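Engineer: Before I ask anything, here is the structure I am working with.
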Amino acid sequence: MKKMPWGIITGICAMFVFFLTAGVVGVYILLDGIAAQTNTEAAFFGEWYQILMFVFDIVFVLGLVGSLTMYILKEKTGSEEVSV
């Protein structure tokens, strides 16, 4: 893990987490509004793309936590290499 840009990876994961979470919530609100107009019900995991977005959201949350941990360890030790 020599000279990995953990700060950049953390930032990228944070952006994906933010936008995927906003997308999951936004799609649910949109589908719930459509369902209310057509007298049906909307489920949180009703469509395949909602499940896919949620799975990617969880993957990027785990990546965010892992890269943030590595960034903190790298900055705390003050070296370029962190032994895991």
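The values are calculated or read from the model by the stated rules, or taken from the named source; none is laboratory data. It should be emphasised that the depicted structure is a prediction, and the values quoted were computed from it without experimental measurement. Glycine gets a Cβ as well: all are built from the backbone with ideal geometry, and neighbour counts include every protein chain shown. We work out accessible area using only protein heavy atoms, side chains counted, and drop any ligands, DNA or RNA first. Shrake-Rupley method; radii C 1.70, N 1.55, O 1.52, S 1.80 Å.
Engineer: Exactly one of (1) β-branched (Val, Ile, Thr); (2) open to solvent by 40 Å² or more (accessible area, probe 1.4 Å); (3) at pLDDT 90 or above is unmet by VAL84. Its number?
Structural biologist: (3)
Engineer: Which residues, taken from region 1-51, are among the hydroxyl-bearing types (Ser, Thr, Tyr) and surrounded by 15 or more Cβ atoms within 10 Å (Cβ to Cβ)?
Structural biologist: THR10, THR21, TYR28
Engineer: Here is a follow-up. With (1) in contact (Cβ under 8 Å) with a residue 12 or more places away in the chain; (2) part of a helix (DSSP H, G or I) as the list, and ILE34 as the residue in question, which single condition is left unmet?
Structural biologist: (1)
Engineer: Tell me, yes or no, whether region 52-71 has at least one residue that is in a loop (DSSP other than H, G, I, E, B) and more than 16 Å from the chain's Cα centre (by Cα).
Structural biologist: no
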